[in-house]
Amino acid sequence: MSHTGNGYRHGMSPTERLEHYRSKRNFSSTSEPDGATSSSPPSDETRFVIQHHLASSEHYDLRLEHDGVLLSWAVPKGPSTDPAERRLAIRTEDHPLSYADFEGTIPADEYGGGRVIVWERGTWTNSTHDDDGRVDVDDAVRRGHLSFEVHGHKLCGGFTLQRLDDDGQWLLIKHRDRGADARRKPTSTEPESVISGHTADEIGDPEAPS
Ligand code: MN
């Protein structure tokens, strides 16, 4: 989960943007998608996904579809529906679109080894504005302030990702809107995958012989 630089430069193709992702993984060992082929059909709606990842340090991976890749942040404590909570979010490398459906075990000796479930998914829209009007996603990420709306199963309404420093540390903050609720703790009360209904604890042990 440690930050390793995103490697993104403006105008890069999805293939170029995923070089960092591929360089960290051995696809003859891990069952994660290699992103070499686009296995996800194009869609008018941009998807978001949050994967619960039980790795050496437990975290939630927030991924936002944009320009043929999944922009990614690792959120150690996961998202909160309480606008008073500020959750650390560490920018990680862009992932292939096909990663949005990935659940399973990553071998323990591989990068990110552990168990992954799709804890939440749905669609998202950019809502970033400045004094001059709408700000596109690339500019918002470059400037370090991205506001967006999600429509998922467990989360809805606005969130902001606010960059803290040049080492990839951001904060994820819920907006005060209809989706805000300081009492809900969805990472605790709704731990199951929205695909399989299983929790990350319940899927196969990556250490066990197969
Ligand atoms: Mn992860």
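For the range 166-177, residues that are surrounded by fewer than 19 Cβ atoms within 10 Å (Cβ to Cβ), at pLDDT 95 or above and over 16 Å from P76 (Cβ atoms) total 3. R63 fulfils the conditions (1) part of a strand (DSSP E or B); (2) touching a residue at least 40 places away in the same chain (Cβ under 8 Å); (3) more than 18 Å from I203 (Cα to Cα) except for a single criterion, (2).
E58 is checked against (1) touching a residue at least 24 places away in the same chain (Cβ under 8 Å); (2) surrounded by fewer than 21 Cβ atoms within 10 Å (Cβ to Cβ); (3) closer than 20 Å to E190 by Cα and fails just one. What number does that condition carry? So the condition that E58 fails would be (1).
Would you confirm whether any residue within the range 77-84 is at pLDDT below 95, away from the ligand (no atom under 12 Å from the Cβ), more than 20 Å from N126 (Cα to Cα) and out of contact with any Lys or Arg (no Cβ under 6 Å at 6 or more places or on another chain)? Lay out the reasoning, then the answer.
First, pick out the residues of the range 77-84 that are at pLDDT below 95: none.
Taking every residue of the range 77-84 in turn, none turns out to be at pLDDT below 95, away from the ligand (no atom under 12 Å from the Cβ), more than 20 Å from N126 (Cα to Cα) and out of contact with any Lys or Arg (no Cβ under 6 Å at 6 or more places or on another chain).
For the range 43-74, which positions are over 8 Å from the mean Cα position of the chain (by Cα) and either within 14 Å of the ligand (Cβ to nearest atom) or among the acidic types (D, E) (or both)?
If we filter the range 43-74 for residues that are over 8 Å from the mean Cα position of the chain (by Cα), which is where we start, we get 43-47, 52-59, 65-69.
Matches in the range 43-74: D44, E45, H52, H53, L54, A55, S56, S57, E58, H59, E65, D67.
Looking at the range 139-147, can you tell me whether even one residue there is charged (D, E, K, R) and exposed (fewer than 14 other Cβ atoms within 10 Å of the Cβ)? I'd like the intermediate steps shown before the answer.
The initial filter retains those residues of the range 139-147 that are charged (D, E, K, R), namely 139, 142-143.
Remaining after also requiring exposed (fewer than 14 other Cβ atoms within 10 Å of the Cβ): 143.
Yes, the range 139-147 has at least one match.
For the range 178-192, filtering for residues that are in contact with a strand residue (DSSP E or B) (Cβ under 7 Å, 6 or more places away or on another chain) and surrounded by fewer than 12 Cβ atoms within 10 Å (Cβ to Cβ) leaves 1. Considering the conditions (1) at pLDDT 95 or above; (2) touching a Ser or Thr at 6+ places or on another chain (Cβ under 9 Å), P206 is excluded by exactly one of them, (1).
The values are calculated or read from the model by the stated rules, or taken from the named source; none is laboratory data. Computed from a predicted structure; not experimentally measured. No Cβ is skipped: glycine too gets one built from the backbone with ideal geometry, and neighbour counts run over all protein chains shown.
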